[in-house]
1. So what is the 222 nm mean residue ellipticity for the chain from helices alone, if each DSSP H run of at least 4 adds -39500 (n - 2.57) and you divide by all residues, rounding to the nearest 500 deg cm²/dmol?
2. Using per-residue counts of other Cβ atoms within 10 Å, averaged over each peptide, order 130-138, 44-52 from highest down.
3. Which whole-number percent is the relative contact order of the range 240-297 (Cα, under 8 Å, 6+ apart)?
4. Could you tell me the relative contact order of the chain? Use alpha-carbon pairs under 8 Å, at least six residues apart, and round to a whole percent.
5. Below 8 Å between Cα atoms, with a sequence gap of 6+, how large is the relative contact order for the range 72-137 in percent?
6. Can you give the FRET efficiency to the nearest 0.05 for residue 279 and residue 9, using r as the Cβ-Cβ distance and R₀ = 30 Å?
7. What share of all Cα pairs of the chain, in percent, falls into each consecutive 10 Å distance bin?
8. Which value in nm describes the separation of the simple spin-label points at residue 102 and residue 116, placed 7 Å from the Cα toward the beta carbon?
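Quick note: the coordinates plus some simple rules give every number you see, no bench work behind them. These numbers were taken from a predicted model, which means no experiment stands behind them. Heads up, the Cβs are rebuilt from the backbone with ideal geometry, glycines too, and the neighbour counts pull from every protein chain shown.
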Amino acid sequence: MPPPEDIRAAVRAIRTWVRGEERAPHKPLLLLYALGRVQRGESRLVPFSVAEGPLRRLLAEFGPSRDSYHPEYPFWRLQRDGLWDVPGGEQLRPRAGNTNPLLSDLRGVSGGFPDEIDAVLRAQPDLVRELEHEVLDAHFPASLHETILSAVGLDLDPPVVAGLRRARDRAFRELVLRAYGYRCAVCGLDARLDGAAIGLEAAHVHWHANHGPDTVENGLCLCALHHKALDLGLIGLGERRAVLVSSRLHGGDAVETQFGRFHGHSLVGPLHGQPAVADIHAEWHRREVFKGPARAA
């Protein structure tokens, strides 16, 4: 049986597709999906035909906005990281000019953690919870962790081992909130309890998990609702830092009150002399997070 530290190291070392600063959360989302199956006591192997739909929905919700989504990529390529097993996969025909098999053939096989890794995970539920947070902290902002765990059917327990997250600048929150006058940059919420700000958070525009810096130029003071909306790509930043609202966001009067009425409006703040969000970070968010297209003006 592989020791837990080897499994941790393999999870930390997964190779994600890289081109510039584009996000590729395919393998992390498959790992979380598979860890959820382990935690629920489901079978080691899942047919790709069963996993395909849920994985595509995860990529659409938590990945960059794309014309099409490809759950087959991680289902096949995670094998290269030593964390996935597709029995009989060696017999599948590769696509022309690609090492991936034909999608129709992949739908006839199953995949899962290799036997020995699967056995360790089922015997050590604390390790499963630790790995959940390893993956989340490495690839997604904290505001989305609970939503992602719920989407893959994982428990919402806190990490069992401290110190998993990349160290953050402790001053970042205070610097950003102060720069925006302790008001949400979208809706202007400035609630205080005896002078202490309530419900306000410092959001990274270019995600901290994707190496965004802890600087005011990469920060926004947002209420909890608009912070989560920013990280889900429901809102974004347009030219001259105008608020963008995704045309894919629908709902009744409450949605229009909380989101729609701010579309095209300038951000509230920052205060005079404080730096606005840098173009490079706003552009990264529009490209890698915002669920475009934006609503019409």
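1. The helix contribution divided over the chain gives -11000 deg cm²/dmol.
2. 130-138, 44-52
3. About 54 percent, as a whole number.
4. 18
5. Rounded, it is 29 percent for the range 72-137.
6. 0.20
7. Histogramming the chain at 10 Å steps yields 6, 26, 31, 22, 12, 3, 0 percent.
8. Going by the 7 Å Cα→Cβ label model, 3.5 nm.
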